[in-house]
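See structure below.
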Amino acid sequence: MTRQITILPGDGIGPEVTKEARRLLEDVAQAVGETWVLEEALIGGAAYDATGQPLPPETVEKCKASDAILLGAVGGPKWDHLPGDVRPEAGLLGIRKQLGVFANLRPIRTWPGLLLASPLKAELLNGVDMVIVRELTGGLYFGEPKQRLNGGDAVVDTLYYTRHEIERVVRQAFDIARGRRKKLTSVDKANVLESSRMWREIVQSIAGEYPDVTVEHLLVDSAAMQLIQRPNQFDVVVTENMFGDILSDEAAVLTGSIGMLPSASLGAEGPGLYEPVHGSAPDIAGSGVANPLASFLSVAMLLRHSLGLEDVAQHVEDAVLHVIESGHRTRDLAGQGKESVGTEQMSALVRSEL
Ligand code: ATP
Ligand code: MG
């Protein structure tokens, strides 16, 4: 089968980690005996420098025509002075919008061997393995009106959702739960918010289509506590935009390292967008020390969700696990003064493990 994957290297360490992720994709394509067309396109500051736009139309076209998109990171001090609509971050928001990706998936798991990197006690962290599914295109961040009133003495933001918007992200979460441990936790604030009461009703009614999935509802304040007190109880968590924004950053702390966190943004159809959670890390860009594993784990998600290659995705994750277990660390994982490997070496270790 021919698959087309667009790689958007972006800025800072983006090109360094996607270069290795590309090597991984090439290895995987060869192993499964398929022809994969891997093409690069410009986004972010790199695109602005070359074309004057953070998201050139050619990039959008290429992305829309592909099966999946792998992004590095965008942004950096070089472009901070630019007006909002041409800043690198506008490129990222733009491509998400163009692709209509409404579900943001953030897997959070702990890695035996890396537990010390977390601020929480190791016994709380054993077996933590969850996916937070955050609604990405609606809710408080986009609802109108959103403005100052009464000459600046009052203000309004609007939490607006249509039934369709809630249903599609909830279905996505049920499907993901079905492919995992079959437990779905829906997080809301149904004791005070009307939007949350409708959210809960919709989850209840869709639950009927997934009798094999166990559903529970948690209030967001309680979920925030549970994530720290008993994080290993969660399998798939689904929630609206702002709750998901906050909870996914909270949960990310459990893993102890931003260099190990992948993400995926999915729509109903069309290509998914995969990217590490970390930014362009201008402080280490160009020095060959960036951890490529968040990108590798994003590739695993790409294989799983866009190419339907669950087994291969699992192999990639296992290879990462083995390399960590055998004690190899990039600088961000090693800690001060400890021995570490660079970006290329970490990449080679994982790929040879495959
Ligand atoms: P953004 O605004 O794009 O989120 P940021 O500056 O808030 O960017 P990052 O770019 O993710 O956040 O960097 C935060 C810190 O984590 C920096 O010190 C950076 O060097 C480090 N870091 C981020 N990603 C990696 C990585 N893949 N490997 C090693 N260190 C990393
Ligand atoms: Mg940041």
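The values are calculated or read from the model by the stated rules, or taken from the named source; none is laboratory data. Just so you know, these numbers come straight off a predicted model, no measurement behind them. Methodologically, a virtual Cβ is constructed for each residue, glycine included, from the backbone with ideal geometry; neighbour enumeration extends over all protein chains shown.
Answer with yes or no whether ILE258 is of a type in the set (A, V, I, L, M, F, W, C) and at pLDDT 95 or above. Write out each step before concluding.
Values: of a type in the set (A, V, I, L, M, F, W, C): yes; at pLDDT 95 or above: no.
It is false that ILE258 is of a type in the set (A, V, I, L, M, F, W, C) and at pLDDT 95 or above.
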How many residues of segment 126-141 are part of a loop (DSSP other than H, G, I, E, B) and under 19 Å from VAL101 (Cα atoms)? The answer is 3
Which of the residues belonging to segment 257-280 are within 8 Å of ligand 1 (Cβ to nearest atom) and buried (at least 23 other Cβ atoms within 10 Å of the Cβ)? GLY259, PRO276, HIS278, SER280
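What strands (runs of 3 or more DSSP E) completely inside segment 5-119 contain at least 2 residues that are aromatic (Phe, Trp, Tyr) and more than 13 Å from ligand 1 (Cβ to nearest atom)?
Filter on segment 5-119 gives an empty set.
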Given (1) crowded, with 23+ Cβ neighbours inside 10 Å; (2) within 16 Å of ligand 1 (Cβ to nearest atom), number of the condition GLY244 does not satisfy: (2)
Boolean, GLU123 is away from ligand 1 (no atom under 16 Å from the Cβ), assigned to a helix (DSSP H, G or I) and modelled with pLDDT under 95: yes
Sole exception among (1) at pLDDT 95 or above; (2) surrounded by fewer than 19 Cβ atoms within 10 Å (Cβ to Cβ); (3) of a type outside the set (Ser, Thr, Tyr); (4) assigned to a helix (DSSP H, G or I) for LEU227, by number: (2)
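For segment 59-69, state whether one or more residues are closer than 30 Å to ALA223 by Cα, surrounded by fewer than 18 Cβ atoms within 10 Å (Cβ to Cβ) and touching a residue at least 40 places away in the same chain (Cβ under 8 Å).
Taking segment 59-69 first, the residues closer than 30 Å to ALA223 by Cα are none.
No, every residue in segment 59-69 fails to be closer than 30 Å to ALA223 by Cα, surrounded by fewer than 18 Cβ atoms within 10 Å (Cβ to Cβ) and touching a residue at least 40 places away in the same chain (Cβ under 8 Å).
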Considering only segment 18-40, I want to know if a residue exists there that is surrounded by 23 or more Cβ atoms within 10 Å (Cβ to Cβ) and over 26 Å from GLY308 (Cβ atoms). no
List every residue pair whose Cβ atoms sit under 8 Å apart, with the two residues 6 or more apart in sequence or on different chains, where the first one lies in segment 267-280 and is closer than 15 Å to THR59 by Cα and touching a residue at least 40 places away in the same chain (Cβ under 8 Å) and the second, anywhere, is of a type in the set (Asp, Glu) and more than 8 Å from ligand 1 (Cβ to nearest atom). PRO271/ASP67
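Quick grid of which residues meet (1) within 16 Å of ligand 1 (Cβ to nearest atom); (2) touching a residue at least 60 places away in the same chain (Cβ under 8 Å); (3) of a type in the set (Ser, Thr, Tyr):
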{"residue": "ASP283", "(1), (2), (3)": "yes, no, no"}
{"residue": "SER295", "(1), (2), (3)": "yes, yes, yes"}
{"residue": "SER298", "(1), (2), (3)": "yes, yes, yes"}
{"residue": "ALA313", "(1), (2), (3)": "no, no, no"}
{"residue": "LEU321", "(1), (2), (3)": "no, yes, no"}
{"residue": "ILE324", "(1), (2), (3)": "yes, yes, no"}
{"residue": "GLY327", "(1), (2), (3)": "no, yes, no"}
{"residue": "ALA334", "(1), (2), (3)": "yes, no, no"}
Filter result (crowded, with 17+ Cβ neighbours inside 10 Å and within 16 Å of ligand 1 (Cβ to nearest atom)) within segment 336-354: SER340, VAL341, GLY342, THR343, MET346, SER347, LEU349, VAL350
